[in-house]
Amino acid sequence: MSAAIKYKTSVFVHCNKSTIFNDLTNRAFAGDEDDIALLARLADSPNTLRDISSFPDIKRLDERLEFFLRENLLVPASNDETLDFIPHRVDIETCRQCNARCQFCPQSVSPKSRGVMPLDLFSLILSRLEGNTPEWVAFNHYGEPLIDPFFRRRVEMLRERNIPLTLFTNGILMKDDVVDFLAEGGVYRIVFNFPSLEPSEWCQLMQMPEQSYWKARRAIETSLKTNSNIPQGIVISVNGVTSTQARRAQGIKDYFLSFGDFQVRTVSSNSRAGAIQNELVQISSHSAWQGYGGCARIVGQLHISSEGRVYLCCQDYDQNVILGDIRQESISAIMTGPLARQLRAEMFGLAPMKRGRLCLNCNVLREGRFYN
Ligand code: SF4
Ligand code: SF4
């Protein structure tokens with residue numbers, strides 16, 4: 001390690017008062033005031049290790065520096081970080097349609113047409129991932145994965161490669177035999193979109209008939225009884241930002257408690273970067289300025305359409321921002337291509353964000369890297 005090399009805080013590092021996050025490695029660490037002060041200082045002013053070691057106001061400096069370097073929180077200042085990408089999570093649009101029309105989802109205002117990813121394309125995607133086993137794969141881009149006629153075969157293909165599945169579903173089509181099939185393995189987490197225990201409220205929010213409510217409710221009950229060994233468990237998402245959201249979540253917590261372990265998440269449903277705008281979703285807008293604090297999607301997540309196109313992210317409902325085509329290029333070539341690099345630079349404050357970018361309407365984009 002040359003004494004002349006200057007180090008900077010990686011652009012992928014962001015911190016709140018007590019936690020340090022690294023978007024590239026997808027890791028989070030507890031940090032104290034001195035850790036965060038040092039990272040903030042080196043984000044603004046890169047310095048050599050020798051000079052950093054003599055900062056008088058930071059305690060246990062050597063220990064901190066060793067940890068920061070080991071975890072890539074500090075990197076050589078000359079590193080071009082726009083080239084960095086690790087696929088921790090992969091969303092594969094196996095099926096475009098959804099059987100529901102949730103009021104907080106763009107499928108309710110602009111439903112997607114039918115479309116199922118061919119199995120040979122699915123297989124190609126998995127082979128493109130070789131050597132890069134993601135933490136998990138999901139079968140979603142606003143489609144309901146259980147509509148897919150190849151659902152079981154795809155799960156088997158993931159099992160053969162030891163790639164875990166996170167299943168996002170509304171549960172309506174999850175009959176008992178599907179629950180049993182999922183219990184055979186390969187599932188990392190199941191997330192049910194179930195916005196209310198009250199049938200009429202559920203029907204109103206999901207815009208579905210009551211018989212669908214009973215099917216979804218039974219799927220959750222049976223899954224909780226049957227799938228107790230899923231590593232990250234079962235989650236029930238309570239969407240729709242209304243004054244009743246906390247009450248709806250509590251009702252769900254109380255009712256399902258007797259069936260098994262699960263988490264309830266109240267979700268800050270958002271406008272999906274402007275794809276849906278109503279009183280059930282939070283709407284965001286940023287101005288086209290320089291210095292944004294980043295977004296984990298462009299450094300750690302891959303999103304592939306049913307036709308094989310790699311698009312920006314889960315907020316890109318209409319898949320307008322195309323980074324490449326998995327049928328023609330490797331993941332690495334796509335995610336280090338000119339558009340991916342430009343977007344990474346804009347999101348992580350290395351270049352001014354161009355007017356009209358989808359991210360400017362997205363609540364996921366961070367406005368800074370050091371926040372409370
Ligand atoms: S939120 Fe999920 S279940 Fe509801 S319409 Fe959208 S994709 Fe379908
Ligand atoms: S900021 Fe929003 S729109 Fe931009 S990549 Fe992240 S999630 Fe997608």
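Each value in this text was obtained by applying a stated rule to the coordinates, not by laboratory testing. This structure is a prediction, so every number in the text was calculated from the model and none was measured. A quick note on method: Cβ atoms are made from the backbone with ideal geometry, for glycine too, and the neighbour counts reach across all protein chains shown.
For the reader, a short list of remarks on this structure follows.
- With the gyration tensor restricted to C-alpha atoms of the stretch 315-372, the semi-axes of the equivalent ellipsoid amount to 23, 14, 11 Å, longest first.
- Among the trypsin sites (Lys or Arg not before Pro) in the stretch 274-372, those placed in a DSSP loop whose Cβ has at most 16 other Cβ atoms within 10 Å are ARG327, LYS354, ARG355.
- Distance between the 7 Å Cα→Cβ label points at ASN16 and ARG159: 3.8 nm.
- All lysines inside 27 Å of LYS59 as judged from Cα atoms, apart from same-chain residues fewer than 8 positions distant: LYS6, LYS8, LYS17
- Taking amide H atoms as placed 1.01 Å from N in the peptide plane, the amide H of ARG27 lies under 5 Å from those of ASN22, each 5 or more residues away in sequence or on another chain.
- Averaging 1/r over every pair of different alpha carbons in the chain and inverting the result gives a Kirkwood radius of 22.2 Å.
- Calculated on the Cα set of the stretch 268-372, radius of gyration then Dmax: 13.9, 43 Å.
- Amide H to amide H, with H built 1.01 Å from N, ASN170 comes under 5 Å of ASN193, counting only residues 5 or more places away or on other chains.
- Placing a pseudo-label 7 Å from each Cα along the Cα-to-Cβ vector at GLU184 and ASP325 gives an inter-label distance of 3.5 nm.
- Over every Cα atom in the stretch 1-146, the radius of gyration and the widest Cα-Cα span, Dmax, amount to 21.6, 63 Å.
- Distances between placed amide hydrogens fall under 5 Å for LEU302 paired with ARG89, VAL90, ASP91, all partners being 5 or more residues away or on another chain.
- Tail weight of P(r) past 14 Å, computed on alpha-carbon pairs of the stretch 22-68, percent: 52 percent
- Spherically averaged projected area in nm², based on the convex hull that wraps the Cα atoms of the stretch 1-83: 5.2 nm²
- When you filter the trypsin sites (Lys or Arg not before Pro) in the stretch 110-157 for DSSP loop state and at most 13 other Cβ atoms inside 10 Å of their Cβ, you are left with ARG114.
- About its Cα centre, the dipole of the chain is roughly 500 debye, where the only charges are +1 on Lys and Arg Cβ and -1 on Asp and Glu Cβ.
- Rounded FRET efficiency, nearest 0.05, which uses the C-beta distance separating ASN229 from LEU69 and R0 of 41 Å: 0.60
- Loop GluC sites (Glu not before Pro), the stretch 60-126 (other Cβ atoms within 10 Å of the site Cβ: 11 or fewer; DSSP): none
- Cα→Cβ-extended label distance, 7 Å offset, between ARG265 and ILE283, nm: 2.5 nm
- Dipole of the stretch 19-68 computed with +1 at Lys/Arg Cβ and -1 at Asp/Glu Cβ about the Cα centre; of ASN26, SER54, ALA40, farthest Cα towards the positive end is ASN26.
- Taking Cβ separations below 4.7 Å as the criterion for a possible disulfide partner, the isolated cysteines in the chain are CYS15, CYS95, CYS98, CYS203, CYS295, CYS313, CYS314, CYS359, CYS362.
- In terms of overall dimensions, the stretch 87-197 has a Cα radius of gyration and Dmax of 13.9, 43 angstrom.
- The C-alpha atoms of the stretch 210-316 occupy a region whose extents along the principal axes are 51, 35, 28 Å, arranged from largest to smallest.
- Each 5 Å bin from 0 upward holds the following percent of the Cα-Cα pairs of the stretch 42-105: 3, 11, 16, 16, 9, 8, 7, 6, 7, 8, 6, 4, 0.
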